[in-house]
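The values are calculated or read from the model by the stated rules, or taken from the named source; none is laboratory data. What you see is a predicted model; the values in this text were computed from it and never measured. Please note: Cβ atoms are built from the backbone with ideal geometry, for glycine as well, and neighbour counts cover all protein chains shown. Accessible surface areas use protein heavy atoms only, side chains included; no ligands, DNA or RNA. Shrake-Rupley method; radii C 1.70, N 1.55, O 1.52, S 1.80 Å.
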Amino acid sequence: SLDTNWDFSTNLENMSIEEAWNEIHGKLIKITDMITPVASVGTDKIDKFNMPWINSSLKRAIKAKNLAWASFDANPSTESLHYALAKQNLLMDVESKSRRKYEKLITNDLKHNSKAFYSYLRSRRTVKSMVTVLRQGNGALTENDSQTAECLANAFSSVFVREPLGPLPQDCYDNHDLSISNMTLDESDVYNELNSLDIYKSFGPDNIHPKLLKSLAASPSFVKCLTNFYAKCAKEECIPKVWKMANVVALHKKDSKLD
């Protein structure tokens with residue numbers, strides 16, 4: 001479990017919105033770096049201990065198989081060979097059962113955690129295709145990654161309403177009852193929102209995972225700090241710039257990937 005005894009008692013009163021957010025964000029990133037496990041990459045060797053269906057029974061079977069074959073290598077004999085083969089067959093049986101159990105688990109949890117299900121399906125695919133070429137508006141195909149990215153950017157921007165830069169039109173301020181400065185919230189509201197976060201969702205441009213935020217809901221210091229920050233945003237009618245950003249990913253649905 002996550003240690004929630006982190007000190008978030010920072011005075012945000014004399015800070016700007018960006019400075020206050022950077023103060024909170026910096027501490028969250030520091031916690032993330034401390035609790036995130038480091039994985040080794042760059043090897044083609046399959047590590048059974050990193051399989052999603054790994055459990056204690058499977059770990060014991062893997063170690064027993066490795067010891068059996070090590071014993072055979074040290075003292076080759078018919079008896080040690082049969083013993084090693086038996087342990088290997090046992091491992092295959094345990095791994096098969098563990099895999100079926102894991103597949104049943106993510107299938108039953110599809111409604112609440114579809115990310116794990118589709119991630120597993122993608123990992124089992126033997127042939128993986130990527131979008132490398134697209135058809136542009138003039139009918140010509142893109143020739144490099146830069147043109148492909150530009151084509152996607154044009155497609156994304158075409159579905160947004162273009163608004164003029166600068167202050168909003170005056171009629172946006174006619175209804176003063178909807179002003180953000182009239183918003184009121186307390187620590188219980190922030191606590192409930194943090195507790196309702198979906199931990200299976202990916203983080204945004206701020207790189208703060210919802211699982212971390214939900215875990216920190218148990219920290220009164222963090223909840224109070226976040227409540228004060230939201231109140232500051234409402235009072236100054238301003239939010240951090242990163243909150244206006246989003247990660248946009250193209251998902252192929254049907255028809256040709258060229259279009």
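Tally the residues that are closer than 16 Å to residue 202 by Cβ and either touching a Lys or Arg at 6+ places or on another chain (Cβ under 6 Å) or free of Cβ contacts under 8 Å to residues at least 24 places away in the same chain (or both), restricting the search to segment 102-113.
0
Would you tally the residues in segment 128-164 being in a loop (DSSP other than H, G, I, E, B) and not aromatic (Phe, Trp, Tyr)?
The total comes to 21.
Which is open to solvent by less than 70 Å² (accessible area, probe 1.4 Å) and either modelled with pLDDT of 90 or more or acidic (Asp, Glu) (or both), of 67, 85, 91?
91
Is segment 101-117 home to any residue that is surrounded by 16 or more Cβ atoms within 10 Å (Cβ to Cβ), farther than 30 Å from residue 198 by Cα and not small (Gly, Ala, Ser)?
For segment 101-117, residues surrounded by 16 or more Cβ atoms within 10 Å (Cβ to Cβ), farther than 30 Å from residue 198 by Cα and not small (Gly, Ala, Ser): absent.
Out of everything in segment 184-200 that is in contact with a Ser or Thr (Cβ under 7 Å, 6 or more places away or on another chain) and at pLDDT 90 or above, what residue ends up being least open to solvent (accessible area, probe 1.4 Å)?
190
How many of the residues in segment 229-253 are in a loop (DSSP other than H, G, I, E, B), in contact with a Pro (Cβ under 9 Å, 6 or more places away or on another chain) and open to solvent by less than 100 Å² (accessible area, probe 1.4 Å)?
Matching residues across segment 229-253 total 1.
Identify, please: which residue in segment 23-47 is open to solvent by 80 Å² or more (accessible area, probe 1.4 Å) and assigned to a helix (DSSP H, G or I) and is, among those, modelled with the lowest pLDDT?
Applying the filter and picking the extreme gives 35.
If I ask for residues that are assigned to a loop (DSSP other than H, G, I, E, B) and surrounded by fewer than 15 Cβ atoms within 10 Å (Cβ to Cβ), which ones from segment 201-220 would you list?
Listed by number, the residues that qualify are 201, 202, 203, 204, 205, 206, 207.
Pairs needed: first member in segment 142-161, open to solvent by less than 70 Å² (accessible area, probe 1.4 Å); second member anywhere, assigned to a loop (DSSP other than H, G, I, E, B) and small (Gly, Ala, Ser); C-beta distance under 6 Å; at least 6 residues apart or different chains.
Partner pairs satisfying both residue conditions: 152/250.
Quick test of your reading of the structure: residue 12 fulfils all but one of (1) at pLDDT below 90; (2) aliphatic (A, V, I, L, M); (3) surrounded by 15 or more Cβ atoms within 10 Å (Cβ to Cβ); (4) part of a helix (DSSP H, G or I). Name the failing condition by number.
(4)
Please list, ordered by first then second residue, the pairs with beta carbon atoms under 6 Å, 6 or more apart or interchain, first in segment 212-225 and closer than 20 Å to residue 35 by Cα, second in a loop (DSSP other than H, G, I, E, B) and of a type in the set (Phe, Trp, Tyr).
That search, which allows pairs on different chains as well, returns 221/8; 222/8.
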